[in-house]
1. Would you grab the residues whose amide H sits under 5 Å from the one on PHE429? Only those 5+ places off in sequence or on another chain, please, with H modelled 1.01 Å from N.
2. Give a residue-ordered list of calculated ³J(HN,Hα) values for the range 255-266 (Karplus: 6.51 cos²θ - 1.76 cosθ + 1.60, θ = phi - 60°; whole Hz; x for Gly, Pro).
3. Averaged per residue, what accessible surface does the range 284-445 expose to a 1.4 Å probe, in Å²?
4. Taking the simple approach of a point 7 Å from Cα along Cα-to-Cβ for both HIS244 and GLU302, what is their distance in nm?
5. For the chain, with a Gaussian network of springs between Cα atoms less than 10 Å apart, report the residue from LEU197, LEU176, LEU81 with the top mean-square fluctuation.
6. Tell me, rounded to the nearest percent, the portion of alpha carbon pairs in the chain spaced more than 30 Å apart.
7. Once you have the Cα-Cα distance between SER319 and GLU260, take 0.36 nm times their residue separation minus that, and quote the gain in nm to one decimal.
8. How big is the Kirkwood radius of the range 80-169, worked out from every pair of different alpha carbons and given in Å to one decimal?
Amino acid sequence: MKLSEIDRTLREIRVSPVKTLGQNFLHDQNLARWIVEKADLTPEDCVLEIGPGLGALTEFALASGAEVLAIEKDARLAEFLRQRFAGSRLEVVHGDALDYDVRQLFARPRVKFIGNLPYYVASQLLLKFTQYPTPISLWLLMLQKEMALRIAAAPNTAEYGALSLAIQLRYRVEYLRTVPATVFLPQPDVESAFVRLLPRDVAERMPRDAAVFTRIVRRGFSQRRKQLRNLLRDDLPDWEIAAHACGFTPTARAQELTPEQWIALADLVSERSGQSIELASDEVLAVVDEQDRVVGSAPRTEVHANNLLHRAVHVLVFSSGGDLFLQKRSRWKDRCPLLWDSSAAGHLNAGESYDAAATRELREELGVAAELQRVAKFPASEQTGQEFIWLYRATHDGPFKLPSREIEHGEFFPPELVTRWIAARPAEFAPAFVECWNEFGALARS
Ligand code: SAM
């Protein structure tokens, strides 16, 4: 929309921009088109737009053929958008984007985020919609310039801090351009900037325990003028050795460390507290025949290398409200790394019963005990990875204690969402879990 059109529309719908809602409408058409072009949209994409306003960006996103899900807090603007784009692929949700259930987006095959964000809640929105793991694959954000500089900041600059590292740990941030206040109506008091975020490659180095990384970064930046050794002494008493191992001088302050050096430091802290990542030990598993009769035992690596039939358990843990707890397997797993899987699952050791293994996996992977109910048994097949599987269910509301070497993340999801998610993004799941879930659904329906 051009400036004159925005002016006329606002008068027609009797809206005067509300400062407390950060209502500064973009009237530079070329800029709006350029922003949306950066998303490389196709009709297969779903665009999540936060704060669509009068539709400056929405218009170009829809023109690409993509579906747009727009969340607008102002009821008058939400209604205006529904009318303006009636019959198009736009779904307008009237509400506060801070309350939106991001998990719902996993059921869409590809999601890209676009937002000329209301600056009064921009940092909260940014943190909410970049929370890991995320169904979103690209973020295009108009932010207050100062905030854009902070998230894109490099070491040894005034803007580099805990927020820069929180975002840069998982995302590549590109500061694409500074945007003057004159392209908005009304003009904001500050300059703006446009940034693009892309997820980092999974092969890039990540801390062994993201919570440890966040904790030491926060502590390190709590007093920027202090040398880190005075702030992190409790975590790393042998500071000189740690600094040397991570490649920085022992007198360094927080802002001097690169993201990679922060990761190395966090890993040392994890290691010292006994949380080092050991590669899965070569447990000895029961080996079985086609009738699931034990015929011997062999080390795990040998079982997998030779496709020997063996046994496993899967446990589906539901909350008392009926949601399913899914785990995202850790990146260090040799099989199905980073895929979503049953709440707890694992092999039967030699001499172990199915029931005993299910109880043990629940304790080892989620840190809890619960009554287990047998659901179904699956024959060994390619989908199950040559495993005979007994599937169990249990009820528990958590909290769970997830071992970071095994599990990257865990969360409850509504069952119907899990079914739609598998249909939309099957490659994100461990194949054996999909088998279990399909069977579980079939039994529930019968
Ligand atoms: N995208 C439009 C544009 O570029 O012209 C409008 C951008 S304006 C800076 C921010 C928009 O976010 C406004 O329409 C405002 O009503 C909306 N908004 C403010 N707070 C919101 C919230 N918490 N959730 C969703 N939308 C919000």
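1. Counting only residues 5 or more places away or on other chains, the set is TRP340.
2. 6, 8, 8, 6, x, 5, 5, 5, 5, 4, 5, 4
3. Per residue, the range 284-445 has an accessible area of 45 Å².
4. Taking the simple label geometry, HIS244 and GLU302 are separated by 4.3 nm.
5. LEU176
6. Of all Cα-Cα pairs in the chain, 55 percent lie more than 30 Å apart.
7. Separation in residues times 0.36 nm, less the Cα-Cα distance, equals 17.4 nm.
8. Taking the inverse mean of 1/r over all distinct Cα pairs, the range 80-169 comes out at 14.9 Å.
The values are calculated or read from the model by the stated rules, or taken from the named source; none is laboratory data. In this text, all values refer to a predicted model and were calculated from it rather than measured experimentally. So basically every Cβ, Gly included, is an ideal-geometry build from the backbone, and we count neighbours across all protein chains shown. For accessibility, only protein heavy atoms count, side chains too; no ligands or nucleic acids. Shrake-Rupley method; radii C 1.70, N 1.55, O 1.52, S 1.80 Å.
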